[in-house]
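Please read the structure below before turning to the comments.
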Amino acid sequence: MCTVHTIARYIHRPEEVAVSADEARATRLMLPALACAGIVVSLMQTLVVPLVHTLPTLLDTSPSAASWVVTSTLLTAAVVTPISGRLGDMIGKRRMILVSMGFLIAGSVVCALSSSVVPVVVGRSLQGAATGAIALGISILRDELPPEKVASAISVMSSTMGVGGAIGLPLAAWTAQNYSWHALFWAAAALGCLVVAAVVLAVPESSVRRPGRFDLPGAIGLAVALVLLLLALTQGAGWGWTSALTLGLAAASLVVFVIWGIVELRTPQPLVDLRVSASRTVLLTNAASVLVGFAMYATALTIPQLLQAPPETGYGLGQSMVTAGLVMAPSGIVMMLLSPVSARITGLRGPRTTLVVGIVVIAAGYLVGAVAMQHIWQLVVVSTVIGAGIGIAYAAMPALIMSAVPLHETGAANGLNSLMRLVGTSLAAAVMTVVLTGATMQLGTTEVPTEGAFVATFLIGGAAALLALVVAFFIPRRAVSRDAAADKTREPSAVR
């Protein structure tokens, strides 16, 4: 196995260590295998988007019950992602990726074999448990690749968060339109099996571990707090934002978070090392991640609705879900194409500059969208620009996090950062729902959002990006973890 420490020793003492052809080949195949895992996981999250409005009929249930098909995935992803990151640090990141893909395959098969709401919700929950695979893959790349290849590899892996979703939306819409909706889940199960084979054959187990006891109380406390928070965010529109249930869940979440934090600070081996997470670099990067996650999901919610709005509104473009998905697809492709650019900026100016550049591009895309949404080509440009900015920003976040945490904390730290993005997407869903349902016009027997509501969503997305920009400017240009600094004193060539 070609580890960072092995490469470093080879560079300085070539007579002692030789990298075999098999090791070099494994290094080349590792990134494609992990990128495929990331694309499949992010694609899974968009599988049911084309079915949202027809789920009550397909599953013979009420709209409120059908909404759990989406909500359950989000809840499980939020709870499992930081836990899988910690377990990856403890028992092996490759092993946890395989476990994650096992959940995805099992969940896909359950959904494919079901036609009622309860088993589909169970299957979607299992699929959501696979979300942590992306953060684990980023950590493996940091552990196993030569230092000069880490930035570009992380950029590619980070871009998969958007690529799978952007490409998956039109594919899912086309499949659902032309075949049984069950075919979506059979396809997901087949892709999951291919990813498992690729990871087994091409991805080495990380050499960086932190053995110890798993913090079960910390995991339970975090799970309870997140479930309470996300229930309030995702169901608040239906329950009423000022209802006793919504406000009670939000207050209970805050109380549990406070108690959980106090307990974690007193735990010798916590699920989340809050002292590391409270460092300026990690804390501000996670705050920026919430806002960038908000900006990403805001456009994914707004543009398809605008494209599908009836032309009778005066602003709607009357397009099908397939067309709406195709309009969003270039944003995912450009994320992947800009990976080398992200890596280049990081190499020349550092990850903070990369994050700033990405956020500026996102803000520009939203501000253009607020005044240019009358034609399909304009929305293609807007979504592509925003996607480009998101791809650049997402590539910087893992690099910033990993520059400030010990090697043995990378899995947990990246898992927590992924969780922050999930919180951002949940906030975006809540805010955009309020905006789009709060200003409507009557069209026949239905109510549709006004043009002003859509303009407001673009402005809110741009404001979130600008706020993220302010946060990013306070992130230190360079951050070195305490463990890394200690290692550099002993062997400068062995630590990135």
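Computed from Cα positions, the angle between helix 410-438 and the longest principal axis of the chain comes to roughly 10 degrees.
Where the only charges are on Cβ atoms (+1 Lys, Arg; -1 Asp, Glu), what is the dipole of the chain about its Cα centre, to the nearest 20 debye? Walk me through the intermediate numbers first.
Values: 27 positive and 20 negative charges, 241 e Å.
Result for the chain is approximately 1160 debye, rounded to the nearest 20.
With R₀ fixed at 35 Å, the C-beta to C-beta distance from Ser116 to Ile91 puts the FRET efficiency at about 0.45.
Take the Kirkwood radius over Cα pairs of the chain, plug it into Stokes-Einstein at 25 °C and 0.890 mPa s, and you get 107 µm²/s for translational diffusion.
Over all other residues within a Cβ to Cβ distance under 13 Å of Thr267, the charged ones net out to +1, with Lys and Arg as +1 and Asp and Glu as -1. Exposure here means at most 13 other Cβ atoms within 10 Å; with GluC sites (Glu not before Pro) in a DSSP loop as sites, the longest stretch of the chain lacking them is 17-496. Annotation: extensible slack from Trp377 through Asn178 equals 69.1 nm (criterion: 0.36 nm per residue apart, minus Cα-Cα distance).
Here the label points at Glu148 and Val52, each 7 Å from Cα along the C-beta direction, are separated by 4.6 nm in the simple model.
A simple count of charges around Met90, restricted to other residues whose Cβ falls under 15 Å of its Cβ and scoring Lys, Arg +1 and Asp, Glu -1, yields +1.
Report the gain in length on full extension from Leu274 to Ser64: 0.36 nm times residue separation, minus Cα-Cα distance, nm rounded to one decimal. Walk me through the intermediate numbers first.
Values: separation 210, 0.36 × 210 = 75.60 nm, distance 3.67 nm.
Roughly 71.9 nm would be gained on extension.
May I ask for the percentage of alpha-carbon pairs in the stretch 44-126 that lie more than 16 Å from each other? Can you show the working numbers first?
Numbers: 1810 of 3403 pairs.
The answer is 53 percent, as a whole percent.
Please report the base-10 log of the normalised intensity I(q)/I(0) for the stretch 333-487, using a Debye sum with one equal scatterer per alpha carbon and no solvent, at each q in 0.18, 0.21 (1/Å). The Cα Debye sum returns log10 ratios of -1.13, -1.37. Here the simple spin-label model places points 7 Å from the Cα toward Cβ, and for Leu201 and Ser243 these points are separated by 5.1 nm. Comparing the stretch 83-163 with the 2.2 N^0.38 Å rule of thumb, its C-alpha radius of gyration ratio is 1.29 (two decimals).
Rounded, prolate or oblate: which fits the stretch 121-177 when a ≥ b ≥ c are the square roots of the eigenvalues of the alpha-carbon gyration tensor, with rounded for a/c under 1.5 and prolate only if a/b beats b/c? Intermediate values should be presented prior to the final figure.
On the way: a/c = 5.18, a/b = 1.79, b/c = 2.90.
Note, shape of the stretch 121-177 comes out oblate.
Post the alpha-carbon centroid distance, the stretch 189-251 to the stretch 69-129, in whole angstrom. After rounding, the separation between the Cα centres reads 9 Å. At what distance in angstrom do the alpha carbon centres of the stretch 421-458 and the stretch 370-405 lie from each other? Centre-to-centre distance over Cα atoms comes out at 21 Å.
Other residues with beta-carbon under 14 Å from the beta-carbon of Gln305 carry, at +1 per Lys or Arg and -1 per Asp or Glu, a net charge of -2. For the stretch 222-269, the Kirkwood estimate of hydrodynamic radius, built from reciprocal distances between every pair of different alpha carbons, is 11.2 Å.
Is the C-alpha gyration tensor of the stretch 32-170 telling us rounded, prolate or oblate? Criteria: a/c under 1.5 is rounded; beyond that, a/b larger than b/c is prolate, otherwise oblate. Since a/c reaches 1.5 and a/b is larger than b/c, the shape of the stretch 32-170 is classed as prolate.
Every read-out reported here was derived from the displayed coordinates using simple, explicitly stated rules and does not represent laboratory data. Everything quoted here is computed from the prediction, not taken from an experiment. Because the Cβ atoms are built from the backbone with ideal geometry, glycine has one as well, and the counts that use them run over all protein chains shown.
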